[in-house]
1. Please count how many residues of the range 23-48 are in a helix (DSSP H, G or I), among the hydroxyl-bearing types (S, T, Y) and either surrounded by 15 or more Cβ atoms within 10 Å (Cβ to Cβ) or touching a strand residue (DSSP E or B) at 6+ places or on another chain (Cβ under 8 Å) (or both).
2. Check I64, I55, I102 and return the single one that is aliphatic (A, V, I, L, M), without any contact (Cβ under 8 Å) to a residue 24 or more places away in the chain and either under 30 Å from G189 (Cβ atoms) or in contact with a strand residue (DSSP E or B) (Cβ under 9 Å, 6 or more places away or on another chain) (or both).
3. For the range 71-101, give me each residue that is of a type in the set (D, E, K, R) and not in a loop (DSSP other than H, G, I, E, B).
4. Within the set of pairs 6+ apart or on separate chains, which have a first residue in the range 23-43 that is outside the structural domain of A62 (by TED's automatic domain parsing) and without any contact (Cβ under 8 Å) to a residue 40 or more places away in the chain, a second that is surrounded by 14 or more Cβ atoms within 10 Å (Cβ to Cβ) and part of a loop (DSSP other than H, G, I, E, B), and C-beta atoms under 7 Å apart?
5. Which of the residues spanning the range 108-131 are touching a strand residue (DSSP E or B) at 6+ places or on another chain (Cβ under 6 Å) and closer than 15 Å to E149 by Cβ?
6. Of the residues S164, S130, S142, S120, which is assigned to a helix (DSSP H, G or I) and either over 18 Å from A94 (Cα atoms) or touching a residue at least 40 places away in the same chain (Cβ under 8 Å) (or both)?
7. For the structure I just gave you, tell me whether S51 is surrounded by fewer than 19 Cβ atoms within 10 Å (Cβ to Cβ) and under 30 Å from K146 (Cα atoms).
8. Run down S31, S76, S42 and say which single residue is of a type in the set (S, T, N, Q) and in contact with a Pro (Cβ under 6 Å, 6 or more places away or on another chain).
Amino acid sequence: MRGLFDKYVDFKILGLFLTNPNTPYHVKEVSRKLGVSPASVSNAVKYFENSGYLIKEEKGLAHIYHLNRVHPVVVSLKKAYGVAMVQSSGPVEAFLQADPNIVSFALYGSYADGTFDEHSDIEFVAVAPSAIDKFSNQRKFSEVRKTIEEKVGRPVAIFVATMSIWSTMKSANDPMYKKIMDNHILIYGNGLEDPFGHQ
């Protein structure tokens, strides 16, 4: 889906607004950021305004556009686009290279429910049987995290739990466990409710 947005000019323009929901833009600014002609930007933002996806404000002679965050189509598009943007960075493959023993890997937080903004972290949780070499894993995960940040241009956080830690958090109804379980998208492996497949 991210590729679709990058391929077509109108979608590429809408993608800028979806990933920066609180930022107002004028036509020339969008044109400079995306390398798209002002005429193409002007036609696109007018169409999206007529569709209700963007809101136009007139400041003197300038027309400023920003995302209509409450439009039902925008709400769904923003969530889908955010997940697609995260997936386009190849997080599953990258983290599995760092630790092939990961049994569950999920996206949680604002990118999972589509409420992210310009300052939101992309948050992952990984569950593995055990950390054989904790120091080495931390170093590898840190390298992967930085690589993904460079690809998506957003800060990335990764919470890693071993089987014993995850089970303890579940038994104690830990706030972090509850936060993750209440709002996550599984993108690899077993469900977080029972990542080790206990019967």
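1. In the first step, residues of the range 23-48 are kept if they are in a helix (DSSP H, G or I); the result is 27-34, 38-48.
After this cut, where a residue has to be among the hydroxyl-bearing types (S, T, Y) as well, the list is 31, 40, 42, 47.
Subset that is either surrounded by 15 or more Cβ atoms within 10 Å (Cβ to Cβ) or touching a strand residue (DSSP E or B) at 6+ places or on another chain (Cβ under 8 Å) (or both): 31, 40, 42.
Within the range 23-48, residues that are in a helix (DSSP H, G or I), among the hydroxyl-bearing types (S, T, Y) and either surrounded by 15 or more Cβ atoms within 10 Å (Cβ to Cβ) or touching a strand residue (DSSP E or B) at 6+ places or on another chain (Cβ under 8 Å) (or both) number 3.
2. Going through I64, I55, I102 in turn, the sole match is I55.
3. K78, K79, E93
4. Matching pairs, first to second residue: none at all.
5. Y111, D121, I122, E123, F124
6. Values: S130 fails: assigned to a helix (DSSP H, G or I); S142 fails: either over 18 Å from A94 (Cα atoms) or touching a residue at least 40 places away in the same chain (Cβ under 8 Å) (or both); S120 fails: assigned to a helix (DSSP H, G or I).
Answer to the check: S164.
7. For S51, the condition - surrounded by fewer than 19 Cβ atoms within 10 Å (Cβ to Cβ) and under 30 Å from K146 (Cα atoms) - is not met.
8. Step by step, each of S31, S76, S42 is checked, and only S31 is of a type in the set (S, T, N, Q) and in contact with a Pro (Cβ under 6 Å, 6 or more places away or on another chain).
The values are calculated or read from the model by the stated rules, or taken from the named source; none is laboratory data. As the structure is a computational prediction, the values presented were derived from the model and not from experiment. Positions of Cβ are generated from backbone atoms using ideal geometry, with glycine treated the same way; all protein chains shown enter the neighbour counts.
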